[in-house]
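Here the structure is laid out as structure tokens; the discussion comes afterwards.
Where a number appears in this text, it was derived from the coordinates with a stated rule and is not lab data. Since this is a predicted model, take the numbers as computed values, not measurements. Here the Cβ is made from the backbone with ideal geometry for all residues, glycine too, and neighbour counts use every protein chain on show.
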Amino acid sequence: MITVVCWKWGNLFSSVYVNRLRTALERHLHLEHELVCVTDDATGIDPRVRIVPLPTTYANTPRCRRRMQIFSREFASGIGKRILSIDLDMVIVGDITPLVNRTEPIVCWRVDYAGVYSGSFHLMDAGVLDPLWRMYKAAPEAFPASVQPRGIPSDQAMLNWYLRDKRVAQWTSKDGLVTYFGAGYERFEKYGVGPSNPNLPKGARIVVLGSDDKAVMDEGRFPWVREHWSTL
């Protein structure tokens, strides 16, 4: 049993994103699974989605740090035993069963061109990252600042810091994980992808857009968005 978890708070993403994710999983994940949404507003969300109340702890922290709680053994145990964490600003365009049907304690997507593990999509046993959670909980301001002294560290930055010297099972672009279809990725058009190219790379399974580029989804900008998201 795979528990797929997404997070929703504020006004950026509506219930439509959660419901379309549920339908996409039904279409493209051929393992027993359940979708859980951690949210402070369940209005309009399909009743087949299990709602977990959004913790108020760290509600005012920046850069999605409140999602760090999914690494807590205590919090994760209320979600499921085997957890696939997925962002709402993604479009599933192919069968993700081969990605999810793995047994390693943690599997992360290593974004090839950036050389980092993405915080948008990872698979793990509940509690496997509890040590990271405890570091953050003990010093919610000082720890992120020590991880990334410049800028505003995110949950992704802390995840990468913790995993920096550990052997981690990985997905890469060869597994069909794709980014760079939004604004700012024009430099990748030499690879045949990017904002001006409507075509997906061969073998694509998931396209990660990012919240700044959610207009790609909202506008149904490319044929694959209309086929795999807009019409769900």
(message) Straight-line reach from residue 8: which aspartates and glutamates fall under 18 Å, measuring Cα to Cα and dropping same-chain residues less than 8 apart?
(response) 34, 40, 41, 46, 87, 89, 155, 212, 213, 218
(request) Pop the C-beta distance of residue 101 and residue 51 into the FRET formula with R0 = 35 Å and round what comes out to the nearest 0.05. (result) 0.85
(message) I'd like the distance between the alpha-carbon centres of the range 54-93 and the range 197-223, rounded to an integer number of Å.
(response) 23
(message) Starting from 0.36 nm per residue, how many nanometres of slack lie between residue 12 and residue 130 once their C-alpha separation is accounted for?
(response) 39.6 nm
(message) For residue 166, give me every one of the lysines with a C-alpha distance below 24 angstrom, ignoring sequence neighbours fewer than eight places off in its own chain.
(response) 81, 137, 174
(message) I want to check the label-to-label distance for residue 30 and residue 187. Put each point 7 Å from Cα in the C-beta direction and report it in nm to one decimal.
(response) 3.9
